[in-house]
């Protein structure tokens with residue numbers, strides 16, 4: 001299968017894991033969330049992350065937002081319900097698109113949301129048709145991050161805003177042990193590799209994005225990384241028995257192992273969690289389409 005099919009296959013097959021560990025049916029989200037001193041549970045952390053990103057780029061009711069890698073629609077639904085803006089969500093999994101539509105209907109925001117199966121690197125949408133491009137732990141699964149940024153540039157109106165929240169490598173050169181952790185983590189979550197923060201922001205500058213702001217939010221997601229690690233050990237025996245009997249497949253085994261690997265990567269400071277926001281200056285001299 002090609003890369004797009006592999007990503008869709010991963011999410012379709014591992015949806016059950018996210019329902020168990022991340023309470024997917026309630027949170028409608030597959031991300032770490034954002035913990036502060038008042039956060040009581042993962043569901044609140046998910047809401048907090050959406051709030052942090054929305055405030056970061058000043059989402060307004062008049063905005064049209066592209067949710068790039070929308071999953072089952074959590075962020076899109078949050079934005080529509082809380083800001084009254086129009087949101088278009090794209091995902092590679094047809095199953096996720098169907099779920100997103102169903103979730104939007106349950107939350108009475110079908111009139112404000114649209115979900116389609118597309119690659120956010122090549123959406124086919126009209127140029128300069130969005131005010132905000134939103135990438136919440138989804139850009140990591142791009143096989144061409146410059147391609148994503150070029151498409152974001154094409155889609156954004158002059159002065160449009162881009163926000164990305166992602167776990168990223170702190171440096172490009174890793175030790176052999178660090179490389180092994182990252183390669184196995186990437187394989188488990190159907191990623192080609194991981195974004196290096198400095199490379200991402202440099203490409204953004206070259207493409208004409210300005211007002212680039214970067215914040216390290218690792219401490220605000222560490223609780224989720226630790227919870228995932230604890231879940232790994234709690235479910236270790238049942239998961240291994242299920243793998244042995246053939247109930248769980250290789251894709252499930254890889255997804256399960258990442259709960260341990262991501263914890264080690266954060267613990268050893270191989271990756272940090274960053275929020276990156278920027279504004280598009282559509283200067284004709286800036287490279288890109």
GNM, the chain, Cα, under 10 Å: largest mean-square fluctuation among 171, 279, 184? 171
For the range 179-249 and the range 37-76, what is the centre-to-centre distance using only Cα atoms, to the nearest Å? 19 Å
Taking 0.36 nm per intervening residue step and subtracting the Cα-Cα distance, what contour gain separates residue 2 from residue 108 on full extension? 34.6 nm
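Per-residue counts of other Cβ atoms within 10 Å, averaged by peptide: what ranking do you get for 52-63, 244-255, 80-91, 187-198, highest first?
Per-residue Cβ counts within 10 Å, averaged per peptide and sorted highest first, yield 80-91, 187-198, 52-63, 244-255.
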Helix-only mean residue ellipticity at 222 nm, the chain, DSSP H runs n ≥ 4 weighted -39,500 (n - 2.57), per residue, nearest 500. What is it? -15000 deg cm²/dmol
Could you tell me the relative contact order of the range 116-176? Use alpha-carbon pairs under 8 Å, at least six residues apart, and round to a whole percent. 43 percent
Relative to the longest principal axis of the C-alpha atoms of the chain, give the angle of the C-alpha long axis of helix 197-206, reported between 0 and 90° and rounded to the nearest 10°. 20 degrees
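Restricting to Cα pairs below 8 Å that are 6+ residues apart, what does the relative contact order work out to for the range 135-286? Please round to a whole percent. Each step should come with its number before you reach the end.
Numbers: 207 pairs, mean separation 62.4, N = 152.
Value for the range 135-286: 41 percent.
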Compute the FRET efficiency between residue 82 and residue 41 as 1/(1 + (r/R0)^6), taking r as their Cβ-Cβ distance and R0 = 22 Å, and round to the nearest 0.05. 0.70
Over all distinct Cα pairs, what is the inverse of the mean 1/r for the chain, reported as the Kirkwood hydrodynamic radius in Å? 19.2 Å
Classify the range 1-118 from the C-alpha gyration tensor, please: rounded if a/c falls under 1.5, else prolate or oblate depending on whether a/b exceeds b/c. oblate
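Each reported figure results from applying straightforward, stated rules to the coordinates on display, with no laboratory input. Since we're looking at a predicted model, the values are computed, not measured. Counting neighbours? That spans all protein chains shown, and the Cβs are built from the backbone with ideal geometry, glycine included.
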